[in-house]
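To start, the structure under review is shown below, and the notes come after it.
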Amino acid sequence: MAGSGEIDCREALDRLYEYLDDELTPERAAEVRAHLEACADCFALSNFENAYLRFLRARAEAQQAPPNLRKRILREVFLGEDGQPEGV
Ligand SMILES: [Zn+2]
């Protein structure tokens, strides 16, 4: 099945976890990405799964970190990469 680059929802979801875990070849990852850009349903799902994976990773990291760092890690996960502090 080399070449066309078009995959359907089932294929995309089949590969989603590997895609999010960076375990696909660049070609296969590109096919998944192209599908996610074209398909709102799969895109929404991938965002959800991605946030969930990030949360799991951050939580694992946070468990080994001192309390101050732990708060920062969790804040970055929920507020985004910039970790913009909430203004007070
Ligand atoms: Zn789809």
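The values are calculated or read from the model by the stated rules, or taken from the named source; none is laboratory data. What you see is a predicted model, and the numbers here were worked out from it, not measured in a lab. For neighbour counting, all protein chains shown are included, and Cβ atoms are generated from backbone atoms with ideal geometry for every residue, glycine included.
Here are the numbers:
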read-out: Positions within the range 27-81 being surrounded by 14 or more Cβ atoms within 10 Å (Cβ to Cβ), within 15 Å of ARG15 (Cα to Cα) and of a type in the set (A, V, I, L, M), in sequence order; value: ALA29, VAL32, ALA34, LEU36, LEU45
read-out: From the options ALA29, ALA51, ALA58, residue that is modelled with pLDDT of 95 or more and within 17 Å of the chain's Cα centre (by Cα); value: ALA29
